[in-house]
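Working notes, structure below.
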Amino acid sequence: MKLTRTQGNMSSRDENLIRQARKARRYAHAPYSKFRVGAALLSRNGEVFTGCNVENSSYGLTMCAERTAIFKAISMGEHNFQAIAVVASDPDFTPPCGACRQVLWDLAGNIDFVMVNSKGDIRVKKLKSLLPYAFNEKHLHRKKRSKK
Ligand code: THU
């Protein structure tokens with residue numbers, strides 16, 4: 001599929017990540033929503049960690065592709081990231097859910113969030129722009145310090 005830029009920098013980095021996210025999407029386990037998602041998370045030193053959504057018959061236990069990818073990476077000792085690409089099969093871009101925004105912000109910081117739609121258009125957003133005024137670990141520490 002041809003990829004075209006609609007926002008941000010279209011780079012070979014993003015193209016490669018999108019390719020890997022598409023591959024990961026093949027493993028999506030989405031028998032309930034039928035909405036199959038793949039993700040590929042790039043570390044600062046160039047390693048890629050992929051993920052897909054994994055649904056559960058108890059729907060609330062479902063895990064999104066983005067969190068699968070970052071939990072894989074963290075559990076393998078990686079903590080420095082630069083970008084994540086997410087691929088579904090929808091003519092609209094698939095933005096991350098609120099839970100993924102919080103988890104990615106906490107664990108990866110202000111990375112590039114690369115979205116691609118089924119037409120092959122690409123949109124890149126900084127994670128911070130997707131989660132303004134975010135809660136983070138600093139708030140926990142602040143609270144502790146102000147305790148009498
Ligand atoms: N989903 C993801 O994996 N990532 C997103 O960014 C959006 C939603 C999954 C969760 C669920 O399995 C299905 O898509 C429908 O919500």
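Working only within the stretch 67-100, note down all residues that are farther than 21 Å from SER129 by Cα and charged (D, E, K, R).
Result: LYS72, GLU78, ASP90.
Out of all the residues in the stretch 55-90, which are surrounded by 17 or more Cβ atoms within 10 Å (Cβ to Cβ), within 17 Å of ARG26 (Cβ to Cβ) and out of contact with any Cys (no Cβ under 7 Å at 6 or more places or on another chain)?
If the condition is that a residue be surrounded by 17 or more Cβ atoms within 10 Å (Cβ to Cβ), within 17 Å of ARG26 (Cβ to Cβ) and out of contact with any Cys (no Cβ under 7 Å at 6 or more places or on another chain), then GLU55, MET63, ALA69, ALA85, VAL86, VAL87, ALA88 are the ones that fit.
Residues being assigned to a strand (DSSP E or B) and charged (D, E, K, R): count how many of those fall in the stretch 102-113.
Selection size over the stretch 102-113: 1.
May I ask you to list the residues in the stretch 22-39 that are in a helix (DSSP H, G or I) and within 11 Å of the ligand (Cβ to nearest atom)?
Listed by number, the residues that qualify are ALA24, ARG25.
This table checks each residue for (1) over 30 Å from LYS138 (Cα atoms); (2) in a strand (DSSP E or B); (3) touching a strand residue (DSSP E or B) at 6+ places or on another chain (Cβ under 6 Å); (4) within 11 Å of the ligand (Cβ to nearest atom).
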| residue | (1), (2), (3), (4) |
| --- | --- |
| LEU41 | no, yes, yes, no |
| LYS72 | no, no, yes, no |
| HIS79 | no, no, no, no |
| CYS100 | no, no, no, yes |
| MET115 | no, yes, yes, yes |
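Readers should treat all values here as calculations from the given coordinates under stated rules, not as data from a laboratory. Keep in mind it's a predicted model, so treat the numbers as computed, not measured. Positions of Cβ are backbone-derived with ideal geometry, glycine not excepted, and every protein chain shown enters the neighbour counts.
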